[in-house]
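Below you'll find the structure, written out as structure tokens, and then a few comments.
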Amino acid sequence: MSQFEHQDEQNHPRPQVPEFTQMVENILSRRRFLGGAAALSAAAFFSVSPLSRAIAAATDSSPLLGFSAVPSSTADTFVVPNGYKAERLISWGDALFANAAEFSEDGNNSAADQLRQFGDNNDGMSLFPVDNNSAILAVNNEYCNYEIMFSHQGKQMTLEDVKRAQAAHGVAVLTLTNTDAGWQFSKDGPYNRRIHANTPMAMSGPAKGHALLQTSADPTGEQILGTFNNCANGMTPWGTYLTCEENFNGYFGSTVAVDITPAQARYGIGAQDAGWQWHNHDERFDLAKHPNEVNRFGWVVEIDPNDPTSTPIKRSALGRFKHENAELVIADNGQVVVYLGDDERGEHIYRYVSRNKYNPDNPAANRDLLDDGTLYVARFNNGADKGDQLSGNGEWLPLIFGEHGLTPENGFSSQAEVLIHARLAATQVGATTMDRPEWVAVHPTEPTVFCTLTNNKNRGVAENQPLNGPNSRAENHYGQIVRWQPTSGQHTDATFNWDLFLLAGNPSVHPDTPYAGSANINVNNMFNSPDGIGFDKAGRLWIQTDGNYSNQGDFAGQGNNQMLCADPATGEIRRFLTGPIASEITGLAFTPDQKTLFVGVQHPGEELTGSHFPLGASHTPRSSVMMITREDGGIIGT
């Protein structure tokens, strides 16, 4: 997530409104699920057990969690459990090629240097095994910190500075080699590549060539320059990487007055950018000169990491919004299903279902599966007991031109426009507004889906964001994780059942209220703003945070951002690691043997908060990928 997103979740007074009071009473009197998903039918899966803080102690014996939890921390270091070790794999500015410039501590690297160096603020990542001794790691580089990158802290930007910033965005593809000392990055490896804000890309799917994508530089609407603000990720069984464009709107602006359309406003686009200043030096980001350029971003981009010469493809059938990640599964009937979150307060959760089926014997035949299918958006209904905010059912609403009000009378003239303006289409069909949908993860053996809802200060306050379904707390600055299971256990089902796996909170500050969190949250594992999530092969759910690290007020005792591990069957949660000062923990990838875990540390020391991670005193703070192993060589988490 961008630096412009997560710093405003500060202390808020508890709202005293009748709906909130009734919700508190309902939550404290209701029952919720905490166990046994793997052995239960869909109906039994959503049976519930008491919402009582007293049961938390009974969940501290998970057979999946074999490590000793680490305490919260405010130190400028990366802490892992006893018996584990963490090493730096790569950091912002490290050279990807032998003839590339190394990182300059005094800030003298050029734009040309950055094009051949690891990008800044690494986020989501995926590992692609090549053989027993080599692999490819594809890593998002979401954005950059001007206050750290430039001596003028972004206050005197030049064209060269903008080019350097653009070069620090995008994706880095890394060659890894398995050595006697463990996995190492191979400088000059055959797969090494930088994909950035000016890399040529193709547009595919229903929006390809549409008038809203056409510009003076590309009158076809089919050839696009670049990707940026790449948040999280996904991977396909045919060996490609999915990178997701999130807060693209903040890179566009204008030095003159422009008329902002309702569609642009819904995506946060305006004459004032988010501080990047690209439009002052690169005219394609000037809304007054090139109003359609902004429509060419906000997509999922498919990259072939095995071919450094390949052209990345923006898959328009997956919709345009602020994508968090793209969680892809193959349904039992062979269709491809992709779950997608739109990371903004009051936005939605989506699902894509391909028309055709995956063919494991013909990888080339799968390359267009993400071009032809149906995009759906989720509606979460409350439980049968009115006022029950902890469980319920839901349905997937198709976003198909000509159906459910997606017609010219309502501003939609084609399927392409439905996808380009997916947010407006979701509102038209009646989707549920959510508390900032972040990452989505699917259990490796069960048809169960988890999604982090990181926070929402507007919930219960803004007129268009009332308390609803899984979004059950007003001014929600702690966040929660919702999970659902398709009604018949098939990812292509039209309906689902849902509950809340956890409500994050602070039981030391807010005991005996919903702001204490759910029963599986206690003073030893509390956190705020769950963000990145992912499963390992054994079914452990790994949870990463990107929230308020002030360690004060509502957040007292929670310390720096962290990564936790949960057992979905018992509900137990243990803190696995803590990050350095002012960092976000984001991105995770396991080696096939589950003995090495790659984790990202993003924006340490942002806003000049004093971090010197990862190299220590006197060094510039640098976003990094860390490599975690057990000292005895065992499987992570056991």
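Number of residues in region 92-121 that are at pLDDT 95 or above, part of a loop (DSSP other than H, G, I, E, B) and touching a Phe, Trp or Tyr at 6+ places or on another chain (Cβ under 9 Å) equals 11. Looking across region 564-615, the residues that are touching a residue at least 60 places away in the same chain (Cβ under 8 Å), of a type in the set (Gly, Ala, Ser) and in contact with a Gly (Cβ under 7 Å, 6 or more places away or on another chain) come down to 569, 571, 587, 600, 611.
How many of the residues making up region 244-302 are among the acidic types (Asp, Glu) and open to solvent by 40 Å² or more (accessible area, probe 1.4 Å)? Even if it seems obvious, please write down each step before you answer.
Of all residues in region 244-302, those among the acidic types (Asp, Glu) come to 245-246, 259, 273, 282-283, 286, 293, 302.
From what's left, open to solvent by 40 Å² or more (accessible area, probe 1.4 Å): 259, 283.
So the count comes out to 2.
Count of region 440-456 residues, restricted to those that are open to solvent by less than 10 Å² (accessible area, probe 1.4 Å) and not β-branched (Val, Ile, Thr), is 6. The set of residues in region 242-287 being of a type in the set (D, E, K, R) and over 30 Å from residue 136 (Cα atoms) consists of 259, 266, 273, 282, 283, 284, 286. Residues that are small (Gly, Ala, Ser) and surrounded by 21 or more Cβ atoms within 10 Å (Cβ to Cβ) within region 205-220 comprise 205, 207, listed in sequence order. Of all the criteria given as (1) under 27 Å from residue 635 (Cβ atoms); (2) touching a Pro at 6+ places or on another chain (Cβ under 7 Å); (3) aliphatic (A, V, I, L, M), the one not satisfied by residue 148 is (1). Of all residues in region 484-514, those being touching a residue at least 40 places away in the same chain (Cβ under 8 Å) and within 20 Å of the chain's Cα centre (by Cα) number 4. Residue 152 meets all of the listed conditions (1) within 28 Å of residue 583 (Cα to Cα); (2) crowded, with 17+ Cβ neighbours inside 10 Å; (3) in contact with a helix residue (DSSP H, G or I) (Cβ under 9 Å, 6 or more places away or on another chain) but one, namely (2).
The set of residues from region 178-190 being open to solvent by 50 Å² or more (accessible area, probe 1.4 Å) and either under 15 Å from residue 306 (Cα atoms) or in a strand (DSSP E or B) (or both) comprises 178, 179, 184, 188, 190. Against the criterion of being touching a Pro at 6+ places or on another chain (Cβ under 9 Å), modelled with pLDDT of 95 or more and not acidic (Asp, Glu), residue 427 does not qualify.
Being open to solvent by less than 10 Å² (accessible area, probe 1.4 Å) and outside any loop (DSSP other than H, G, I, E, B) is the filter here, so list the residues in region 322-345 that pass it. Hits for region 322-345 are 323, 324, 325, 326, 336, 337, 338, 339, 340, 341, 342. For region 222-321, the strands (runs of 3 or more DSSP E) that sit wholly inside it and include 2 or more residues that are under 22 Å from the mean Cα position of the chain (by Cα) are 230-235, 241-245, 300-303, 313-315. Of all residues in region 457-485, those being surrounded by fewer than 19 Cβ atoms within 10 Å (Cβ to Cβ) and among the hydrophobic types (A, V, I, L, M, F, W, C) number 2.
The values are calculated or read from the model by the stated rules, or taken from the named source; none is laboratory data. All of these numbers come straight from a predicted model, not from anything done at the bench. Virtual Cβ from ideal backbone geometry, glycine too; neighbours counted across all protein chains shown. Ligands, DNA and RNA are stripped out before the accessible areas are found, and what is left, the full protein with its side chains, is counted by its heavy atoms. Shrake-Rupley method; radii C 1.70, N 1.55, O 1.52, S 1.80 Å.
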